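The values are calculated or read from the model by the stated rules, or taken from the named source; none is laboratory data. Just so you know, these numbers come straight off a predicted model, no measurement behind them. Here the Cβ positions follow ideal geometry from the backbone for every residue, glycine too, while neighbour counts run over all protein chains shown.
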Amino acid sequence: MDIRWRYFIPESSANGPGNRCVIWLQGCSLGCEGCCNPDLQSQEGGRLDSVDTVFKMIRSAAKNTDGVTISGGEPFQQPAALYELLRKIKTETTLSVFVFSGYQKEKIQSDPLRNRCLPWIDVILYGPYIPSAPPAWGRFCASENQGLWFLSDRYTEQDFCNLPILEFLIGEKGELIQSGLHGINLIEK
């Protein structure tokens with residue numbers, strides 16, 4: 001099974017608690033105003049690789065990380081591939097899984113393909129981005145309407161307090177990468 005993705009960072013401290021590898025999946029039809037990753041909306045962009053190939057990238061980063069963050073685009077718009085990736089992560093590693101989603105909880109739960117992903121996820125940051133609704137200081141979300149949905153006991157609300165929300169990294173090709181709560185941005189050199 002294939003999964004469409006765009007960016008991968010093997011180590012990040014601004015995409016959830018601890019040191020995490022992060023993968024941004026390609027494709028989102030939600031169209032949130034002020035989307036922080038508009039280049040990830042197209043269903044045709046990015047790379048198409050097997051779930052096994054993407055899992056191997058994650059597993060190779062696992063020795064230096066506490067978990068994996070899956071962002072996008074909208075991860076739940078590739079529910080079958082997301083399920084396979086999550087299942088491999090949770091059965092073949094000890095990594096935690098944190099997912100960003102623009103869907104509300106009910107939209108995830110009501111779809112059988114999305115719902116079957118839930119047992120393999122520790123926490124979901126859910127809800128559409130609303131630029132006119134900034135969050136309270138220290139709260140790990142991009143807009144006030146978003147929430148954290150704890151699906152396991154691996155993390156608590158406290159683990160998401162006062163996390164870094166932005167970082168700058170140097171990519172493999174020397175490019176400057178801005179990453180964090182408000183998405184990913186490659187700054188050409």
Inset, instruction - Determine if the stretch 79-102 includes at least one residue that is closer than 17 Å to GLN146 by Cβ, touching a residue at least 60 places away in the same chain (Cβ under 8 Å) and not charged (D, E, K, R). - result: yes
Legend entry - ILE121 surrounded by 16 or more Cβ atoms within 10 Å (Cβ to Cβ) and closer than 19 Å to ASN15 by Cβ: yes
Inset, instruction - Any chance you could count how many residues in the stretch 2-25 are of a type in the set (Lys, Arg) and in contact with a Lys or Arg (Cβ under 8 Å, 6 or more places away or on another chain)? - result: 2
Inset, instruction - Tally the residues that are modelled with pLDDT of 95 or more, under 21 Å from GLN178 (Cβ atoms) and of a type in the set (D, E, K, R), restricting the search to the stretch 30-82. - result: 2
Legend entry - Conditions (1) out of contact with any strand residue (DSSP E or B) (no Cβ under 6 Å at 6 or more places or on another chain); (2) of a type in the set (D, E, K, R); (3) surrounded by fewer than 18 Cβ atoms within 10 Å (Cβ to Cβ); number of the one not met by LYS88: (3)
Inset, instruction - Check THR53 against each of (1) part of a helix (DSSP H, G or I); (2) crowded, with 20+ Cβ neighbours inside 10 Å; (3) hydroxyl-bearing (Ser, Thr, Tyr) and name the one condition it does not meet. - result: (2)
Legend entry - Tally of residues being among the basic types (Lys, Arg) and touching a Phe, Trp or Tyr at 6+ places or on another chain (Cβ under 9 Å) across the stretch 126-157: 1
Legend entry - Residue match in the stretch 19-35 (condition: under 28 Å from PRO112 (Cα atoms), in contact with a Ser or Thr (Cβ under 6 Å, 6 or more places away or on another chain), small (Gly, Ala, Ser) and surrounded by 20 or more Cβ atoms within 10 Å (Cβ to Cβ)): no
Legend entry - Near pairs, Cβ below 7 angstrom, 6+ apart or cross-chain, from the stretch 107-129 (among the basic types (Lys, Arg)) to any residue that is assigned to a helix (DSSP H, G or I): ARG114/PHE76; ARG114/PRO79; ARG114/ILE108; ARG116/TYR83
Inset, instruction - Please specify each residue of the stretch 1-37 satisfying the condition of being touching a helix residue (DSSP H, G or I) at 6+ places or on another chain (Cβ under 6 Å), of a type in the set (A, V, I, L, M) and either under 18 Å from THR94 (Cβ atoms) or outside any strand (DSSP E or B) (or both). - result: MET1
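Would you confirm whether any residue within the stretch 152-168 is aromatic (Phe, Trp, Tyr) and without any contact (Cβ under 8 Å) to a residue 24 or more places away in the chain? Step through it out loud before you land on a result.
First, pick out the residues of the stretch 152-168 that are aromatic (Phe, Trp, Tyr): 155, 160, 168.
Adding the requirement that they be without any contact (Cβ under 8 Å) to a residue 24 or more places away in the chain leaves 168.
Within the stretch 152-168, one or more residues are aromatic (Phe, Trp, Tyr) and without any contact (Cβ under 8 Å) to a residue 24 or more places away in the chain.
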Legend entry - Lone unmet requirement of (1) surrounded by fewer than 17 Cβ atoms within 10 Å (Cβ to Cβ); (2) aromatic (Phe, Trp, Tyr); (3) under 22 Å from MET1 (Cβ atoms) for TYR83: (1)
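Restricting to the stretch 144-178, and then to whatever is of a type in the set (Gly, Ala, Ser) and modelled with pLDDT of 90 or more, can you tell me which residue is farthest from GLN104 (Cα to Cα)?
The extreme case among them is SER152.
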